[in-house]
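Working notes, beginning with the structure itself.
What follows is calculated from the coordinates using simple rules that are stated; it is not laboratory data. Model, not experiment: these values are computed from the prediction. Note: ideal-geometry Cβ built from the backbone for every residue, glycine included; neighbour counts use all protein chains shown.
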Ligand SMILES: C[S@@+](CC[C@H](N)C(=O)[O-])C[C@H]1O[C@@H](n2cnc3c(N)ncnc32)[C@H](O)[C@@H]1O
């Protein structure tokens with residue numbers, strides 16, 4: 001049993017309807033991610049979901065996308081939407097990228113994975129980037145224990161280091177932090193916040 005895989009499989013059609021466009025901040029941050037990437041370069045999308053809107057945006061900018069996701073239902077929609085791109089059904093805890101990418105993105109996916117795995121994922125991302133390549137990710141926006149929450153009547157698992165710890169771990173794995181910001185700050189309620197980081201491989 002894999003809670004998040006089963007839950008994303010169950011909500012794929014509803015997710016597809018609800019996650020249609022990039023937010024203005026997301027589009028700006030993807031611009032930062034890709035500002036030094038050569039035309040038509042390869043971009044790795046970890047936790048790519050349905051390929052909309054993120055991979056779709058990358059392809060519209062001329063990039064070649066390799067998407068990875070453990071939900072067969074989410075990935076099937078991505079494959080249907082963008083059949084020319086490369087799609088892998090795999091868990092990020094074990095996926096090892098092949099070759100080099102100009103940029104890597106893990107958007108709203110890392111915080112679904114137990115924090116004990118995050119360092120090893122950062123290490124594999126660093127190995128997939130040449131010096132100067134960029135990694136864009138989101139993490140939770142506060143210090144909190146792992147928790148579950150519901151979305152579309154399904155239960156999902158969440159875990160994250162706080163933003164400062166995530167940035168320190170990225171530095172330890174051979175990145176400098178080029179930019180970071182809160183996409184939404186934590187509230188006193190159930191929203192733990194969401195924090196975006198653009199890290200450059202050094
Ligand atoms: C919140 S959605 C984000 C999708 C996409 N990145 C976006 O921004 O629209 C999270 C995605 O991460 C995938 N995911 C979660 N945990 C994963 C894991 N351990 N390995 C691979 N994919 C995972 C889910 O299946 C889901 O498609």
On full extension of the chain, what length is gained from residue 28 through residue 187, given 0.36 nm per residue of separation minus the C-alpha to C-alpha distance? 54.8 nm
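Could you please rank 44, 3, 169, placing first whichever residue has the fewest other Cβ atoms within 10 Å of its Cβ? Could the numbers behind the result be given before it?
Details: 44 27, 3 13, 169 18.
Ranking 44, 3, 169 by Cβ neighbours within 10 Å, fewest first, gives 3, 169, 44.
Looking at the chain, send over the antiparallel percent of its DSSP beta bridges, to the nearest 5. Intermediate values should be presented prior to the final figure.
Working: 20 of 37 bridges.
Close to 55 percent.
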Beta bridges per DSSP with both ends in the range 97-170, % antiparallel, nearest 5: 50
Identify the residues of the range 120-155 with backbone N under 18 Å of a label point that sits 7 angstrom from the Cα of residue 93 along the Cα-to-Cβ direction, or state none. 120-125, 146-149, 155
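Quote the relative contact order of the chain in percent (integer), defining contacts as alpha-carbon pairs under 8 Å separated by 6+ residues. Don't skip to the end; give the middle numbers.
Working: 419 pairs, mean separation 39.4, N = 202.
Relative contact order for the chain comes out at 20 percent.
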Multiplying the sequence separation of residue 76 and residue 202 by 0.36 nm and subtracting their Cα-Cα distance, what value in nm do you get? 41.9 nm
Separation in nanometres of the label points that stand 7 Å from Cα toward Cβ, at residue 116 and residue 171: 2.6
Please say if the range 10-117 is rounded, prolate or oblate, where rounded means a/c under 1.5 for a ≥ b ≥ c the square roots of the C-alpha gyration tensor eigenvalues, and otherwise the choice is prolate for a/b larger than b/c and oblate otherwise? rounded
Quick one: which of 174-180, 159-165 comes out on top by average Cβ neighbours within 10 Å, and what's the full order, highest first? 159-165, 174-180
Two-site label geometry, residue 35 and residue 178: point separation in nm, points 7 Å out along Cα→Cβ: 0.8
